[in-house]
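The values are calculated or read from the model by the stated rules, or taken from the named source; none is laboratory data. Remember, it's a predicted structure, so these values are computed and weren't measured experimentally. Neighbour counts run over all protein chains shown; Cβ positions are idealised from the backbone, glycine included.
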Amino acid sequence: MTRKYSPHRLRLGLIVTVIGFLVFVLGAGPAAYGLDRSPPVGFVQIAVFLVGLAIICIGGYLTLMNFWRDRERSIAADIGLRLVSTGYVVAVASGMADVFGFGTQPLPKVPYFGPWQETGVLIGEAIIGLGFVLMLPFATRESPTSERKPKRKKIQLNLEEK
């Protein structure tokens, strides 16, 4: 049985994903590393967890595209890739809404990561998850009756007039 994927690329993608998760946790919950210095979520924390989310997306892309190495990607996989990108854009726009000027606390105040921004980031992450599910290469099974059917021959019509 031959492998249809490279174990080295698979390992690289998973390592990148784990590193992205660790960076994401550093931004989302710095208390897990003993680094929590203030109760409100600030700009640096938001930026760090969004960078971690980007690294997770890159690692997931590397991992899942490895399974499509020897064959053409399906339309669902292409849509999934675009959903991952769109979900990340939704998460960044929601997380940095105050910095971009359309949040509840316009600058020069301290950016505020409130319930609306949190909901937007969660929606972006859900879209990313849906994209990753669509990028999975599902195996196609042939029906048991397809073996009994004779293969059709291609017939070429010669429509040229002499």
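Conditions (1) buried (at least 16 other Cβ atoms within 10 Å of the Cβ); (2) closer than 26 Å to PHE138 by Cβ; (3) modelled with pLDDT under 95, marked per residue:
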{"position": "PRO7", "(1), (2), (3)": "no, yes, yes"}
{"position": "LEU22", "(1), (2), (3)": "no, no, yes"}
{"position": "GLY27", "(1), (2), (3)": "yes, no, yes"}
{"position": "PRO30", "(1), (2), (3)": "yes, no, yes"}
{"position": "PRO40", "(1), (2), (3)": "no, no, yes"}
{"position": "GLN45", "(1), (2), (3)": "yes, no, yes"}
{"position": "PHE49", "(1), (2), (3)": "yes, no, yes"}
{"position": "ILE55", "(1), (2), (3)": "yes, no, no"}
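Residue pairs whose Cβ atoms lie under 7 Å apart, sitting 6 or more positions apart in sequence or on different chains, and linking a residue in the stretch 101-118 that is more than 16 Å from VAL44 (Cα to Cα) and at pLDDT below 70 to a partner that is outside any loop (DSSP other than H, G, I, E, B) and among the aliphatic types (A, V, I, L, M), are GLY103/ALA97. Among the residues of the stretch 40-61, those identified as part of a helix (DSSP H, G or I), in contact (Cβ under 8 Å) with a residue 40 or more places away in the chain and not aliphatic (A, V, I, L, M) are PHE43, GLN45, PHE49, CYS57, GLY59, GLY60, TYR61.
Based on what the data block shows, is PRO144 modelled with pLDDT under 75 and farther than 30 Å from GLY13 by Cβ? The answer is yes for PRO144.
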